[in-house]
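Data first, discussion second: the structure below is written as structure tokens.
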Amino acid sequence: MKNYKESILDFTKDELSSLIKPSFRAKQIYSWIYQKYVNNFNEMKNLPKQLIVELEERYRLNPLKVLAKEQSRDGSIKYLFGLIDDLSMEAVLLPMKKEVKDEEGNIIQSSKYTVCISSQVGCKMGCAFCLTAKEGFKRNLTPGEIVAQVLEIKKDNNIPTNKRVNIVFMGMGEPLDNLDNVVKAVKIFSDPDGLCISPRRQTISTSGLAYNIKKLGEMDLGVLLAISLHAVDDGTREKLMPINKAYNIASVLDAVRNFPIDARKRVMFEYLVIKDLNDDVKSAKKLVKLLHGIKAKVNLIYFNEYPNSPFKRPSENNMLNFQSYLREHGVTCTIRESKGLDISAACGQLYEKVN
Ligand code: SAH
Ligand code: SF4
């Protein structure tokens, strides 16, 4: 990455303040980029000409290029983004609620969006069920490349600058394997002069890098945590997720127990339900035991089959039985509707098509 111009999106406002003098310019630049959606430095009208020239020389504004875009029947839109070194990665806009107006045109329910973003190109973790794993690891995304996914998707869909979207780090890659850049992105996202997305609207999903869960917890950023658990015994989890050999279930849960969470929030446990592997009530029973004492909510995910996938989708019946067992034993549990199935934008199905 050394030969390329850095993106101005790579910097937190504090960093920018120390790079650009006088420092109040950083606030103005942030506002032009994130709140006025400018596409060129020369549109930053309240900056002196000399500074604009300097910025143009030193930085690029947008590190991403939309290479392709696909809309699913359920409204979600998948973006394939090209990076400056010709790699690519994907992000998805998931409309959660449509705007509803009354007869007089007053908004009675505002629209809600979640943006699912990538943190790496590829992934090192090698989970057996995941398409991203198949292509191996290419590189970490920079903070700017992470932030730009949300900015570009907001711009492209004319989502008003003051509309706060939710963010889930559930695209390609393992966010906690790129901890520094992800943490920086969380800070840039939440800047009040920028996109102004509170950390409480940002969910970091991890395959369970216990040590980095601990590190992230110590930073006490206020982000939400999601754990991709997927199995209730180490033997099965190891087969699905090699990372379990380094950090077993007990060590992950231990890190979760020490993770600071808002009194009104819960840690989300993602549980990929796979036919004949982890979809029985015995597993549900074990799961209830494991989560004892943790403020948890469980998200059951239907395994999404893909061409030559080694696993099968569970029956609806098993899914519902699994959910009922958890609920009857006091564990909040939802079944995730897989959005964007027809365009392969559903969980774990992001895959680069062009390269
Ligand atoms: N690397 C992080 C973030 C990616 S999140 C993590 O694993 O948590 C992507 C989510 O989709 C994870 O919960 C992952 O386990 C899940 N997933 C992967 N492949 C899938 C598939 N084929 N069907 C459904 N979910 C899948
Ligand atoms: Fe990486 Fe997550 Fe896929 Fe596992 S499930 S290979 S950690 S992206």
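The values are calculated or read from the model by the stated rules, or taken from the named source; none is laboratory data. This is a predicted model, so every value here is computed, not measured. Cβ coordinates were reconstructed from backbone atoms using ideal geometry, including for glycine residues, and neighbour counts include every protein chain displayed. To get the accessible areas, we keep the full protein, side chains included, count just its heavy atoms, and leave off ligands, DNA and RNA. Shrake-Rupley method; radii C 1.70, N 1.55, O 1.52, S 1.80 Å.
Within the range 231-268, can you find the residues that are in contact with a helix residue (DSSP H, G or I) (Cβ under 8 Å, 6 or more places away or on another chain), within 14 Å of ligand 2 (Cβ to nearest atom) and open to solvent by less than 10 Å² (accessible area, probe 1.4 Å)?
Correct list: Ala231, Arg237, Asn244, Val252.
For the range 32-47, indicate whether the set of residues that are at pLDDT 95 or above, aromatic (Phe, Trp, Tyr), under 22 Å from the mean Cα position of the chain (by Cα) and assigned to a helix (DSSP H, G or I) is non-empty.
yes
Would you tally the residues in the range 222-245 being assigned to a strand (DSSP E or B) and either away from ligand 1 (no atom under 12 Å from the Cβ) or hydroxyl-bearing (Ser, Thr, Tyr) (or both)? If you could, list the steps in order and put the result at the bottom.
In the first step, residues of the range 222-245 are kept if they are assigned to a strand (DSSP E or B); the result is 224-228.
Now narrow it down to the ones that are either away from ligand 1 (no atom under 12 Å from the Cβ) or hydroxyl-bearing (Ser, Thr, Tyr) (or both): 224, 228.
Matching residues across the range 222-245 total 2.
Mind telling me which of the residues Phe303, Phe311 ends up being modelled with pLDDT under 95 and open to solvent by 20 Å² or more (accessible area, probe 1.4 Å)?
Details: Phe303 fails: open to solvent by 20 Å² or more (accessible area, probe 1.4 Å).
Result of the check over Phe303, Phe311: Phe311.
Hey, can you tell me all the residues within the range 17-30 that are under 27 Å from Gln120 (Cα atoms) and either out of contact with any Lys or Arg (no Cβ under 8 Å at 6 or more places or on another chain) or open to solvent by 20 Å² or more (accessible area, probe 1.4 Å) (or both)?
Residues of the range 17-30 that are under 27 Å from Gln120 (Cα atoms), as a first pass: 19, 29-30.
Answer for the range 17-30, where residues must be under 27 Å from Gln120 (Cα atoms) and either out of contact with any Lys or Arg (no Cβ under 8 Å at 6 or more places or on another chain) or open to solvent by 20 Å² or more (accessible area, probe 1.4 Å) (or both): Leu19, Ile29.
Quick one: is Pro95 open to solvent by less than 70 Å² (accessible area, probe 1.4 Å), assigned to a strand (DSSP E or B) and under 24 Å from Arg164 (Cα atoms)?
In short, yes.
Residues to consider are Gly126, Gly105; find the one that is surrounded by fewer than 17 Cβ atoms within 10 Å (Cβ to Cβ) and away from ligand 1 (no atom under 13 Å from the Cβ). Steps first, answer last, please.
Working: Gly126 fails: away from ligand 1 (no atom under 13 Å from the Cβ).
Only one candidate passes the filter, namely Gly105.
Taking the range 269-289, which residues are part of a loop (DSSP other than H, G, I, E, B) and surrounded by fewer than 19 Cβ atoms within 10 Å (Cβ to Cβ)?
Keep residues of the range 269-289 that are part of a loop (DSSP other than H, G, I, E, B), which gives 274-280.
Listed by number, the residues that qualify are Lys275, Asp276, Asp280.
Just to be sure, is Ser190 under 20 Å from Gly126 (Cβ atoms), open to solvent by less than 40 Å² (accessible area, probe 1.4 Å) and outside the structural domain of Gln35 (by TED's automatic domain parsing)? First the steps, then the outcome.
On the way: under 20 Å from Gly126 (Cβ atoms): no; open to solvent by less than 40 Å² (accessible area, probe 1.4 Å): yes; outside the structural domain of Gln35 (by TED's automatic domain parsing): yes.
No: the conditions fail for Ser190.
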